[in-house]
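Structure first, then comments.
The values are calculated or read from the model by the stated rules, or taken from the named source; none is laboratory data. Given the structure is predicted, the values throughout are model-derived calculations rather than measurements. FYI the Cβ positions are ideal-geometry reconstructions off the backbone, even for glycines, and counts take in every protein chain you see. Side chains are part of the model used for accessible areas, which takes the heavy atoms of the whole protein and leaves out ligands, DNA and RNA. Shrake-Rupley method; radii C 1.70, N 1.55, O 1.52, S 1.80 Å.
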Amino acid sequence: MTIIESPVAPAPQASHRLTTARAMVEAIELEMERDPSVFYLGEDVGPYGGIFGSTTGLQEKFGPQRVIDTPISESAFIGLAIGAAVEGMRPIAELMFADFMGVCLDQIYNHMAKIHFESGGNVKVPMVLTTAVGGGYSDAAQHSQCLWGTFAHLPGMKVVVPSNPYDAKGLMISAIRDDNPVVYMFHKGVMGLAWMAKNARATGEVPAGAYTVPIGEANVVRPGADVTVVTLSLSVHHALDAADSLAAQGIDVEVIDLRSLVPLDRETILRSVAKTGRLVVVDEDYQSFGLSGEVVATITDVDPSMLRAPVARVANPDVPVPYAHSLEYAVLPRQDRIEAAIHRVTRA
């Protein structure tokens, strides 16, 4: 008699509660342990641990040869990272604020993004460019922009934007292992830092070991039937707060966290809007020529008849982010503006 043994289910992976910042660090630490070609470089990433906690403790563990404090010369150290990637290493270069892209855009777009194409596919650039984005902290016009629409507009780079600890770790591991250049953009407001505005969802359960979150797959973080809200980053949290508030009024909101801009998961957007018939796009980047228009075009290019009401966009107006706290909050896509937009489309 043949005895057929039942398959043994794998043991569940242990998890622990981490902030988004700690989840990022854990991902980098695991990949540096696994792959000696991974190293990190940027301004204040050594003993200081990154001004947003992105490298806390890494230099103590791996030394200054693998966690490199650089001079304030973004063009130089991003160029260094590109050269290392071309030669087979897997660098992670931190651009302290996305707003600083102007001083090193030639390295990012004319080299990091294009070398693979210009070499006929023969040369890979497996590097990650990390950068902090977002407003809400009176950092003013040169330290508060998101600009992910600008990066996404330039071909040759993947662009990921996590909103929570689980995705932050999984997307970082995916980005490091990817053979393409990946721009990894983290909002200050989701990092869970003690000296910033408290965000309850910036701390969550994260598996202790390595895992990946696929680049290019959106996540339906709240199912709903009446209206679709498509968003990303800190705006996911504002949208969830709005959805919880509106549920008491009988409005059932579906919230989609894009997680990746490039590739953009258009299928998830289309499925959701086909179900709800209504769309609100929330984007902390500037409204004109950006992500919000691209999401709307995803519907109108395929089947505009699925929309039962005009689309509403909630984005930063096309002005520099103000320094004054009251003015800054007036331009950011916060809960009050999201709720107003949902009311507009559900009443149409």
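Points to keep in mind about this one:
- Flag if Val206 is under 16 Å from the mean Cα position of the chain (by Cα) and among the β-branched types (Val, Ile, Thr): no
- Where a residue in segment 34-50 is open to solvent by 10 Å² or more (accessible area, probe 1.4 Å) and its partner, wherever it lies, is in a loop (DSSP other than H, G, I, E, B), with Cβ under 7 Å and at least six apart: Ser37/Gly88; Ser37/Met89; Phe39/Arg66; Phe39/Met89; Glu43/Thr70; Glu43/Ile72; Asp44/Gly50; Asp44/Ile51
- Residues of segment 96-123 classified as among the polar types (S, T, N, Q) and in contact with a Lys or Arg (Cβ under 8 Å, 6 or more places away or on another chain), total: 0
- Sub-7 Å Cβ pairs linking a first residue in segment 184-208 that is closer than 24 Å to Leu95 by Cβ and basic (Lys, Arg) to a second residue that is at pLDDT 90 or above and surrounded by 12 or more Cβ atoms within 10 Å (Cβ to Cβ), at least 6 apart or interchain, are Lys188/Phe52; Lys188/Ala132; Lys188/Gly134, ordered by first then second residue.
Results for (1) in contact with an Asp or Glu (Cβ under 7 Å, 6 or more places away or on another chain); (2) within 30 Å of Ile108 (Cα to Cα), shown as yes or no for each residue.
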position	(1), (2)
Ser163	yes, yes
Ile176	yes, yes
Met185	no, yes
Ala208	no, no
Tyr211	no, yes
Gly224	yes, no
Leu240	no, no
Leu246	yes, no
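- Scan of segment 197-212 for residues that are of a type in the set (A, V, I, L, M, F, W, C) and open to solvent by less than 20 Å² (accessible area, probe 1.4 Å), ordered by number: Ala202, Val206
- For segment 189-212, a residue qualifies if it is in contact with a Ser or Thr (Cβ under 7 Å, 6 or more places away or on another chain) and outside any strand (DSSP E or B), and the qualifying residues are Val190, Met191, Gly192, Ala202, Ala208, Thr212.
- Residue list for segment 163-188, filter: part of a loop (DSSP other than H, G, I, E, B) and open to solvent by 10 Å² or more (accessible area, probe 1.4 Å): Asn164, Asp178, Asp179, Asn180
- In segment 57-78, residue least open to solvent (accessible area, probe 1.4 Å) [restricted to those that are farther than 26 Å from Ala141 by Cα and in contact with a helix residue (DSSP H, G or I) (Cβ under 6 Å, 6 or more places away or on another chain)]: Val67
- So Val161, is it closer than 22 Å to Pro333 by Cα, under 16 Å from the mean Cα position of the chain (by Cα) and modelled with pLDDT of 95 or more: yes
- Of all residues in segment 151-162, none are part of a loop (DSSP other than H, G, I, E, B), open to solvent by 10 Å² or more (accessible area, probe 1.4 Å) and over 16 Å from Val182 (Cβ atoms).
- Looking across segment 311-330 at every residue that is in contact (Cβ under 8 Å) with a residue 24 or more places away in the chain and part of a helix (DSSP H, G or I), the one that is most open to solvent (accessible area, probe 1.4 Å) is identified as His325.
- Residue, surrounded by the fewest Cβ atoms within 10 Å (Cβ to Cβ), within segment 116-136, restricted to residues that are of a type in the set (A, V, I, L, M, F, W, C) and outside any loop (DSSP other than H, G, I, E, B): Phe117
- Selection count, segment 89-115, where residues are touching a residue at least 12 places away in the same chain (Cβ under 8 Å), in a helix (DSSP H, G or I) and crowded, with 16+ Cβ neighbours inside 10 Å: 10
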